[in-house]
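Please treat every number below as a calculation from the coordinates, not as lab data. Here the structure is a predicted model, which is why all the values come from computation and not from measurement. Here Cβ is always computed from backbone atoms with ideal geometry, including for glycine, and neighbour counts include all displayed protein chains.
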Amino acid sequence: MSNLRTVLFLSLLVAAAGCRRGDSRADLREESPRYVSILVEVYDPATNLVWENVSVRIVEADQEWSQCTCESPYEDWYLTDGNGRVLLSEADLAYAEVGFQEDGAGRAVIGARRDEDQATVVLEVDALGFVPKLVVVPLSWDQPDVFVEVPFE
């Protein structure tokens, strides 16, 4: 009989520990919004070489938290560097005014709650003599910093 009590007691302890662990993980998710950024690499799919000085701009974003698709009132272009890359930082995404929530310093964040943990950003990639290309970039609380490779020809 004492073995049965011991087994039941240990089972209750294991179950309680499992519940506690799940609650603490949920608490961590609730308390911390995350900064968002997009690193874009533009390359030529025929040669696999990167494109330098290609223009990239933030067109709009669809925000889950506000249920708004907000178009940027600005046409600010960012040029790719010698590595074919341009970083659209949390400050750039906030400045574009595409509806991101912002921290106290004006940097774009994505919330942790289920109704605010996703956004989709539309970028335009363009260069003289080429047809502009739109790129859709999903962001989430689980993946707030995204690397996007864009074939451009």
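Which net charge results when you count Lys and Arg as +1 and Asp and Glu as -1 among the other residues whose beta-carbon is under 14 Å from that of residue 134?
Neighbourhood net charge equals -3.
What translational diffusion coefficient, to the nearest whole µm²/s, does segment 42-153 have by Stokes-Einstein, given a Kirkwood radius computed over alpha-carbon pairs, a temperature of 25 °C and 0.890 mPa s viscosity?
168
Rounded to the nearest 0.05, what FRET efficiency do residue 149 and residue 70 give with R0 = 35 Å and r taken as the Cβ-Cβ distance? Could you check?
Plugging the Cβ-Cβ distance into 1/(1 + (r/R0)^6) gives 0.85.
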